[in-house]
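Asker: This is the structure, below, for whatever I ask next.
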Amino acid sequence: MSIKTRWRFTAPMIQDAPDWKGVYVLWSGDVPLAVGHARGGADSVRSRLLAHHSRAASAGMAEVTHYSWELCADPRAREAELAKGAWNARESS
């Protein structure tokens, strides 16, 4: 995984996330839990993170402590790269 900077998974911090297309990772401490993408326009990194945060009490989401993001030209392709890296990181733990 190459996205290193992480922010706390709180509504105020998410408000500072970019309103652009890109990818994001949801973390529990140092463990990546999920990788997602935003295609741009109304579907932005910020809007996706806010949607996840609105379900923070649901199963699995309660474990999320931080998030990270990266802007990119092809979010779907970058998501696939990051997901593969996240899976490999979990297997080697």
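The values are calculated or read from the model by the stated rules, or taken from the named source; none is laboratory data. Note that this is a predicted model, so its numbers are computed, not measured. Cβ: placed from backbone, ideal geometry, glycine included. Neighbour counts: every protein chain shown. For the accessible areas, the whole protein counts, side chains as well, though only heavy atoms, and no ligand, DNA or RNA atoms are used. Shrake-Rupley method; radii C 1.70, N 1.55, O 1.52, S 1.80 Å.
Rundown of residues vs (1) free of Cβ contacts under 8 Å to residues at least 24 places away in the same chain; (2) open to solvent by 30 Å² or more (accessible area, probe 1.4 Å); (3) in contact with a Gly (Cβ under 9 Å, 6 or more places away or on another chain); (4) of a type in the set (A, V, I, L, M), yes/no style:
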residue: Gln15; (1), (2), (3), (4): no, yes, no, no
residue: Asp19; (1), (2), (3), (4): no, yes, no, no
residue: Val25; (1), (2), (3), (4): no, no, yes, yes
residue: His52; (1), (2), (3), (4): no, yes, yes, no
residue: Thr65; (1), (2), (3), (4): no, yes, yes, no
residue: Asp74; (1), (2), (3), (4): yes, yes, no, no
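Asker: Pick out the one residue from Glu70, Glu79 that is open to solvent by 40 Å² or more (accessible area, probe 1.4 Å) and in contact (Cβ under 8 Å) with a residue 60 or more places away in the chain.
Answerer: Answer to the check: Glu70.
Asker: Go through the range 27-50 residue by residue and tally those that are open to solvent by 80 Å² or more (accessible area, probe 1.4 Å) and under 10 Å from the mean Cα position of the chain (by Cα).
Answerer: Selection size over the range 27-50: 0.
Asker: Still on this model: Of the conditions (1) more than 19 Å from Ile14 (Cβ to Cβ); (2) in contact with a Pro (Cβ under 7 Å, 6 or more places away or on another chain); (3) among the small types (Gly, Ala, Ser), Ala80 fails just one. Which one is it?
Answerer: Of (1) more than 19 Å from Ile14 (Cβ to Cβ); (2) in contact with a Pro (Cβ under 7 Å, 6 or more places away or on another chain); (3) among the small types (Gly, Ala, Ser), only one is false for Ala80: (2).
Asker: In addition: For the range 2-23, enumerate the residues that are modelled with pLDDT of 95 or more and hydroxyl-bearing (Ser, Thr, Tyr).
Answerer: Result: Thr10, single match.
Asker: Among the numbered criteria (1) surrounded by 13 or more Cβ atoms within 10 Å (Cβ to Cβ); (2) under 22 Å from Gly85 (Cα atoms), which single criterion is violated by Thr5?
Answerer: In the conditions (1) surrounded by 13 or more Cβ atoms within 10 Å (Cβ to Cβ); (2) under 22 Å from Gly85 (Cα atoms), Thr5 misses (1) alone.
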